[in-house]
Amino acid sequence: MKNIKDSEFIRGEVPMTKFNIRSLSIAHLQIEKGDKCLDIGGGTGSVSVEAALQGADVLTVEFDKTAYALIKENAKKFGVKINLILGKAPEALLAAEYKDLQFNKCFIGGSGGELKNIFDYLESHLKKGGIICANFILIKNLNEFLGLLEKHGYTEIEADLIQTASMGRAGLFKGENPIYIVRACKS
């Protein structure tokens with residue numbers, strides 16, 4: 001499986017989980033063919049596309065209309081099927097056609113301030129033994145997420161702070177925002 005370079009995605013001004021972080025997040029999710037993967041806060045769809053390319057059945061929730069359109073474009077460009085919902089999680093997932101879905105993998109790239117409600121949703125929609133992986137820039141959101149993992153009895157919790165920098169044309173390195181990556185299993 002080839003990992004996709006950031007420059008290959010159609011992007012615009014929409015935030016994207018960048019290559020180094022995306023690769024680690026996909027590895028933490030342990031995506032396999034046939035997985036049912038929920039991507040909350042899809043952005044450009046970079047994680048959704050890579051998960052679909054590895055054989056997962058992907059449902060992506062995105063509330064921003066520009067990002068929603070980009071996810072559709074990127075799915076088409078890479079020839080993958082992504083089931084896509086325009087709306088905010090978890091409310092959009094409670095619609096009749098989605099209310100009984102079950103997932104064994106969940107990626108959270110953006111929560112829109114709804115982490116508590118997302119965990120309440122996952123309580124009955126993420127299968128036991130399912131893996132959750134989330135990315136954060138803000139330590140406040142990281143701490144809330146870690147507290148929710150503990151409250152809901154998740155196990156095998158791993159957390160990393162990743163700082164990357166890329167060399168530009170002049171040979172100078174430009175740093176990216178540090179990203180917290182957290183992964184856990186539902187017990």
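The values are calculated or read from the model by the stated rules, or taken from the named source; none is laboratory data. Quick caveat: nothing in here was measured; it's all calculated off a predicted structure. In this analysis, Cβ positions are derived from the backbone assuming ideal geometry, glycine residues included, and neighbour counts consider all displayed protein chains. Surface areas here come from the heavy atoms of the whole protein model, side chains and all, with no ligands, DNA or RNA. Shrake-Rupley method; radii C 1.70, N 1.55, O 1.52, S 1.80 Å.
Grab every C-alpha pair in the range 34-97, bin the distances at 10 angstrom width from 0 up to the longest one, and report whole percents. Computed distribution, short to long bins: 26, 56, 19. Overall shape of the range 66-187 was characterised from the C-alpha gyration tensor. The equivalent ellipsoid obtained from it has semi-axes of 27, 22, 13 Å, in decreasing order. For the pair residue 95 and residue 177, a Förster radius of 30 Å applied to the C-beta separation gives a FRET efficiency near 0.35, rounded to the nearest 0.05. The simple spin-label model puts a point 7 Å past each Cα toward its Cβ; for residue 10 and residue 138 those points are separated by 3.0 nm. Per residue, the accessible area of the range 41-187 comes to 50 Å² when a 1.4 Å probe rolls over the protein heavy atoms. For the chain, the relative contact order is 19 percent, taking Cα pairs closer than 8 Å that sit 6 or more residues apart in sequence and dividing their mean separation by the residue count. Ranked from largest, the principal axis spans of the Cα set of the range 1-125 equal 35, 29, 23 Å.
Taking each of 81/140; 18/65; 5/116; 33/174; 33/116; 76/127 in turn, the alpha-carbon distance tops 24 angstrom for 81/140; 5/116; 33/174; 33/116; 76/127.
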